[in-house]
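**Student:** What follows is a structure written as C-alpha cells; I'll ask about it next.
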Amino acid sequence: MAIRLQFERVTKSFPPQRRGGEGVTAIVDVDVRVADREVVALIGPSGCGKSTLLNLASGLDRPSRGRVYVDGSEVTGPNSHVAFMLQRDLLLPWRSILDNVTFGQEIQHVERERRREIALKLLAKYHLGDFVDHYPHQLSGGMRQRAALARTMAMNPDVLLLDEPFSALDAQTKMVLQQDLARTLWEEKKTAFLITHDLLEAIALADRVLVMSRRPGRIVREIAVDLPERNNPMVRRQRPEIGKLMAELMSLLDIGQGDRLDG
Amino acid sequence: MAESTPTAAVPTVTPPAGAAAHEAERLAAPPSFWRAYRVPIWSAIVLVLFVAGWEWGFRALGVPKYFIPTLSEIGSEFVRAYERMDLVNHTAVTSFEVLLGFALGSILGMTMGYILGMSPTAEVVLSPYILALQIAPKVAFAPLFVLWFGFSVEAKMSVAILVAVLVVFFPIMINVLGAVRAVDPAMINLARTFNATRWQIFWKIEFPASMPALFSGLRIGSTLAVIGVTVGELVGGINRGLGFLLLSGETMGAPLVFLAIIVLTVIGIVAYCAVIFAERRVLHYMPRRDFGGMNAQGGK
Ligand SMILES: Nc1ncnc2c1ncn2[C@@H]1O[C@H](COP(=O)(O)OP(=O)(O)O)[C@@H](O)[C@H]1O
Ligand SMILES: [Mg+2]
C-alpha cells in the first residue's frame with residue numbers, strides 16, 4: 001500500500017534560547033510510516049516532541065537530521081498535501097464562519113464561487129449551515145472546532161495532521177466531534193496522524209497507536225488496534241477489547257504506577 | 001408587604017421553597033422606577049447642579065466676572081462672535097487643520113507602525129529614538145515650524161497642521177506596532193501551512209488583527225489633534241482660527257476665551273465620535289463592548 005506520510009530517522013534539536021543556555025533535543029531517530037487511508041494516533045507525555053513532529057510534517061519547520069516525506073516527496077516547506085488542525089481553533093475573529101472556512105482556498109487563489117460552494121457543503125455537513133454568517137465569538141467551543149475541521153477539510157488534503165484537536169472540549173462535545181471526524185476520515189478515505197492525550201480517543205479513532213517516550217522523544221511502542229468500526233467510535237468504544245488496550249497503553253505510559261503525574 | 005407599588009407588581013406570597021425561590025422571583029420582577037431610570041435621573045441632577053453652579057456659584061464665591069464669566073455671558077459672546085467676528089470662518093479654519101493634521105498624522109503613524117511591526121530589526125535599532133521622541137513634548141517643536149514656514153496665513157495654518165501631525169503620529173504608530181507584534185504566531189503559522197506569501201500574511205492576518213489597537217490609537221489621536229492645532233495656532237500667532245480668538249481674548253475678555261475653548265472641545269468631540277462611528281463599522285465582528293466612556297480611550 002502506498003505510504004502517504006513518512007518520517008525517516010528524524011531528529012530535531014532546538015538551539016539554546018539564550019547564550020549559555022542549553023539546546024533542547026525534542027525527538028530522536030523517529031521512524032514512522034503512515035499508509036494510505038490509515039489513521040495513526042500518537043500518544044506520549046507532554047513535552048516529548050509530539051507537536052514538533054507535526055510541525056516537521058507540515059513543513060513549518062525542518063528536521064535537524066533525517067527526512068520527512070509526504071506522498072513520496074520530501075517535505076521542504078508548507079505544501080498542499082497536508083493540512084493542520086490544532087487544539088485551538090484559530091478562527092480569525094474578523095471573518096465570518098464561511099470566510100474562515102474558505103480562508104485556505106482564498107490564499108491559494110481558488111475562484112470565489114468555487115470555494116464558497118465547497119465551504120457551504122462542508123458547513124452543512126458539520127451542522128453549521130445556520131451559522132455561515134456568524135462570527136466566531138458567537139459560536140460555542142464545539143461549533144468553532146467544527147468550523148476549524150471544515151476549514152481543514154476544505155483544503156482537500158491527502159494527509160490530516162491533528163494535534164490534540166478535541167482536548168479543549170467538554171466530554172460530550174468531544175464524543176460528537178470524534179464521531180464527525182471518524183466518519184469524515186472514513187468516507188473521504190483520508191490519511192490522518194492524530195496526536196492526543198486521550199488514550200480512549202486514540203483507541204476509538206485509530207488503526208494503530210504509537211507511544212512516544214519522555215523527551216528526547218522516541219517511538220517506544222506500536223500497538224495495532226485491530227477493531228472494526230473505525231468510522232463509528234461511539235460503537236467502537238463500547239467493545240470489550242477496549243479495556244485490555246487501555247491497560248496496555250496505561251502501563252506503557254507509567255500511569256498508575258507510582259502515580260507519576262508528569263505524563 | 002401588604003402594599004404594592006404600581007411598578008412592583010410582584011405577587012407577595014412567600015413560597016414555601018424558601019429564600020432561593022424568593023430571590024429568583026425578585027430577579028425576574030420588573031425593576032422599580034428608580035432602578036430603571038437611575039442613570040438619567042442622576043445625569044439630570046448633575047447637569048442642573050453644573051449649570052447653576054457655573055451661573056451663580058462663582059459669583060456667590062466672589063470670583064470676579066472678568067476671571068470666569070457666567071454661562072449666559074458666554075452665550076451672548078457666542079451670538080456676538082457669530083454676528084460680528086466671523087466665528088463660523090474661524091471654526092472652519094481650525095476644523096480643517098484638525099482634520100488634515102489628524103489624517104496625515106494617522107496615515108504616517110500607521111505606515112511607520114506597520115513597517116516597524118514587520119521588521120523586528122528596524123524596531124530594535126530604532127527603539128531608543130522612538131522612545132525619546134515619544135517622551136519629548138512634541139508641541140514644543142512649534143516655534144521651529146514657525147521658523148520654517150514664515151508668516152503668511154497659509155504658513156501659520158501649516159504650522160498648526162504640522163504640530164497636530166506630530167502629536168497624532170506617535171500614539172498611532174505605537175499602537176499599530178504593538179498590535180502587529182502581538183499577533184498570535186499560531187495564526188501566522190496557520191496561514192503559512194496554506195502556503196501564504198509574506199504579503200498575504202500581512203493583509204489577511206496582521207492588518208486585520210491590528211484593527212482594534214489601531215482604533216484605540218485613532219481615538220487618542222483625534223483628541224490630541226485638537227491640542228496640537230491649538231498650540232500650533234497660539235505659537236504661530238495666527239490671525240485666523242479659534243487660536244486667533246483665544247489670543248484676542250487676552251485683550252477682549254474671558255468670555256471669548258471660554259467660547260473658543262468650548263468650540264475647540266466640540267471639534268474634538270466630533271472628531272472622537274467620528275472615530276467611534278468608523279470603529280463600530282469596522283469592528284462589527286467584535287463582541288459588543290462599551291464604546292461610551294473616556295476610559296475606553298486607554299490605549300496601550
Ligand atoms: N521553537 C522551539 N524552540 C525551542 N524549543 C522548542 C521549540 N518548540 C518546542 N520546543 C521544545 O521541544 C520540546 C517538545 O515540544 P512539543 O513538541 O511542543 O511537545 P508536545 O507537543 O509533545 O507536548 C519541549 O521541551 C519544548 O520546550
Ligand atoms: Mg503539543
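Quick note: the coordinates plus some simple rules give every number you see, no bench work behind them. No experiment lies behind these values; they were computed from the predicted model shown. Cβ coordinates were reconstructed from backbone atoms using ideal geometry, including for glycine residues, and neighbour counts include every protein chain displayed.
**Student:** To one decimal place, what Kirkwood hydrodynamic radius in Å is obtained for chain B from all pairs of distinct Cα atoms?
**Tutor:** Answer for chain B: a Kirkwood hydrodynamic radius of 23.3 Å.
**Student:** Given q = 0.14 Å⁻¹, what are the Debye log10 I(q)/I(0) values for segment B:145-300, with equal point scatterers placed on the Cα positions and solvent ignored?
**Tutor:** Per q value, in the given order, log10 I(q)/I(0) is -0.80.
**Student:** Further, regarding this structure: In the P(r) worked out for chain A, what percent of Cα pairs fall beyond 32 Å? Don't jump to the answer; show the numbers that get you there.
**Tutor:** Numbers: 8037 of 34453 pairs.
When every Cα pair of chain A is considered, 23 percent fall beyond 32 Å.
**Student:** Next question, about the same structure. Please name which of B:Val270, A:Met250, B:Met112 has its Cα lying farthest along the dipole of the protein assembly as shown towards the positive end, using unit charges on Cβ (Lys, Arg +1; Asp, Glu -1) and the Cα centre as origin.
**Tutor:** A:Met250
**Student:** Determine the gain in length on full extension of the stretch B:Leu133-B:Met252; use 0.36 nm per residue of separation and subtract their C-alpha separation, reporting nm with one decimal.
**Tutor:** Full extension from B:Leu133 to B:Met252 adds 39.1 nm.
**Student:** Applying the Karplus parametrisation 6.51 cos²θ - 1.76 cosθ + 1.60 with θ = phi - 60° to the phi angles of segment B:207-217, what ³J(HN,Hα) value in whole Hz is obtained for each residue in order, glycine and proline being reported as x?
**Tutor:** In residue order, the calculated couplings are 5, x, 5, 8, 4, x, 5, 4, 5, 4, x Hz.
**Student:** Are there trypsin sites (Lys or Arg not before Pro) in segment B:186-291 that DSSP puts in a loop and that have at most 14 other Cβ atoms within 10 Å, and which ones? Don't jump to the answer; show the numbers that get you there.
**Tutor:** Values: sites: B:Arg192, B:Arg198, B:Lys204, B:Arg219, B:Arg240, B:Arg280, B:Arg281, B:Arg288, B:Arg289; in loops: B:Arg240, B:Arg288, B:Arg289.
The qualifying sites are B:Arg288, B:Arg289.
**Student:** Positive end of the dipole of chain B, charges at C-beta (+1 Lys, Arg; -1 Asp, Glu), about the Cα centre: which of B:Leu87, B:Phe194, B:Val124 has its Cα farthest in that direction?
**Tutor:** Of B:Leu87, B:Phe194, B:Val124, it is B:Phe194.
**Student:** For the protein assembly as shown, with only Lys/Arg (+1) and Asp/Glu (-1) charged at the beta-carbon, what is the dipole magnitude about the Cα centre, in debye rounded to 20?
**Tutor:** Taking the Cα centre of the protein assembly as shown as origin, the dipole is about 560 debye.
**Student:** Right, next: If r is the Cβ-Cβ distance from A:Arg239 to B:Phe277 and R0 is 56 Å, what FRET efficiency results, to the nearest 0.05?
**Tutor:** Working: r = 61 Å, r/R0 = 1.08.
Taking R0 as 56 Å, the efficiency between A:Arg239 and B:Phe277 is 0.40.
**Student:** Hey, another quick one. Scan chain A and report its longest stretch carrying no trypsin sites (Lys or Arg not before Pro) that are both in a DSSP loop and have at most 14 other Cβ atoms within 10 Å.
**Tutor:** A:20-188
**Student:** With only Lys, Arg, Asp and Glu charged, each at its Cβ (+1 for the first two, -1 for the last two), find how big the charge dipole of segment B:30-131 is about the Cα centre; round to the nearest 20 debye.
**Tutor:** Here the size comes out at about 460 debye.
**Student:** Moving to a separate point now. Sort B:Ser158, B:Ser152, B:Ser210, A:Ser64 so that the residue with the fewest other Cβ atoms within 10 Å of its own Cβ comes first and the one with the most comes last.
**Tutor:** Ordered by Cβ neighbours within 10 Å, fewest first: B:Ser152, A:Ser64, B:Ser158, B:Ser210.
**Student:** Can you compute the charge dipole magnitude of chain A about its Cα centre, using +1 on each Lys and Arg Cβ and -1 on each Asp and Glu Cβ, nothing else charged? Give it in debye, rounded to the nearest 20. Please report the intermediate quantities before stating the final value.
**Tutor:** On the way: 37 positive and 35 negative charges, 76 e Å.
That gives chain A a dipole magnitude of about 360 debye.
**Student:** Also, quick follow-up: How crowded by other chains is A:99-109, given as the mean number of beta carbons from other chains within 10 Å of each beta carbon?
**Tutor:** Values: counts 0, 0, 0, 0, 6, 6, 1, 4, 11, 4, 1.
Per residue, the average neighbour count from other chains is 3.
**Student:** What is the spin-label model distance, in nm, from B:Ala24 to A:Lys189 if the labels are put 7 Å beyond Cα along the C-beta direction?
**Tutor:** Label-label distance for B:Ala24 and A:Lys189, simple model: 5.6 nm.
**Student:** Over 10 Å intervals from 0, what percent of Cα-Cα pairs in segment A:29-157 sits in each interval?
**Tutor:** Histogram of Cα-Cα distances, whole percents per bin: 12, 37, 31, 18, 2.
**Student:** For a quick check, take a GNM of chain B with Cα springs below 10 Å and name the residue from B:Ser43, B:Ser222, B:Ser106 with the largest mean-square fluctuation.
**Tutor:** So, out of B:Ser43, B:Ser222, B:Ser106, the one fluctuating most is B:Ser43.
**Student:** Radius of gyration and Dmax for the protein assembly as shown's Cα atoms, expressed in Å?
**Tutor:** Over the protein assembly as shown's Cα set, Rg and Dmax evaluate to 32.9, 99 Å.
**Student:** Oh, and also: Between A:Arg112 and A:Ala224, what length in nm is gained on full extension when 0.36 nm per residue of separation is reduced by their alpha carbon distance?
**Tutor:** 36.0 nm
**Student:** Could you pull out every residue, at least 5 positions away or on a different chain, whose amide H is within less than 5 Å of the one on A:Thr191? Hs are placed 1.01 Å off N in the peptide plane, and Pro or chain starts have none.
**Tutor:** Counting only residues 5 or more places away or on other chains, the set is A:Arg37, A:Leu160.
**Student:** Then there's this: Test of understanding: in a Gaussian network model of chain A with alpha carbons linked when under 10 Å, which of A:Ser140, A:Ser58, A:Ser80 would top the mean-square fluctuation ranking?
**Tutor:** Maximum among the listed residues: A:Ser140.
**Student:** Let me ask something additional. Return P(r) of segment A:89-156 (all Cα-Cα pairs; 5 Å bins starting at 0; whole %; ordered from short to long distances).
**Tutor:** Percent of pairs per bin, in order: 4, 22, 35, 26, 12, 2.
**Student:** Among A:Gly20, A:Leu92, A:Leu169, which residue has its Cα furthest toward the positive end of the charge dipole of chain A, with +1 on Lys/Arg Cβ and -1 on Asp/Glu Cβ?
**Tutor:** So the residue furthest toward the plus end is A:Gly20.
**Student:** Shifting gears a bit: Figure the gain on full extension for B:Ala186 and B:Ser72 (residue separation times 0.36 nm, minus the Cα-Cα span) and round it to one decimal in nm.
**Tutor:** The span from B:Ala186 to B:Ser72 would gain 35.0 nm if fully extended.
**Student:** A further question on this structure: Once amide H atoms are placed 1.01 Å from N in the peptide plane, what residues at a sequence separation of 5 or more from A:Glu164, or on another chain, have their amide H within under 5 Å of its amide H?
**Tutor:** Here the answer is A:Ile195, A:Thr196, since their amide H atoms fall under 5 Å of that of A:Glu164.
**Student:** Now for a different question. Modelling each spin label as a point 7 Å along the Cα-to-Cβ direction, I'd like the B:Trp56/A:Gln17 distance in nm, to one decimal.
**Tutor:** Reported label-point gap for B:Trp56 and A:Gln17 is 6.8 nm.
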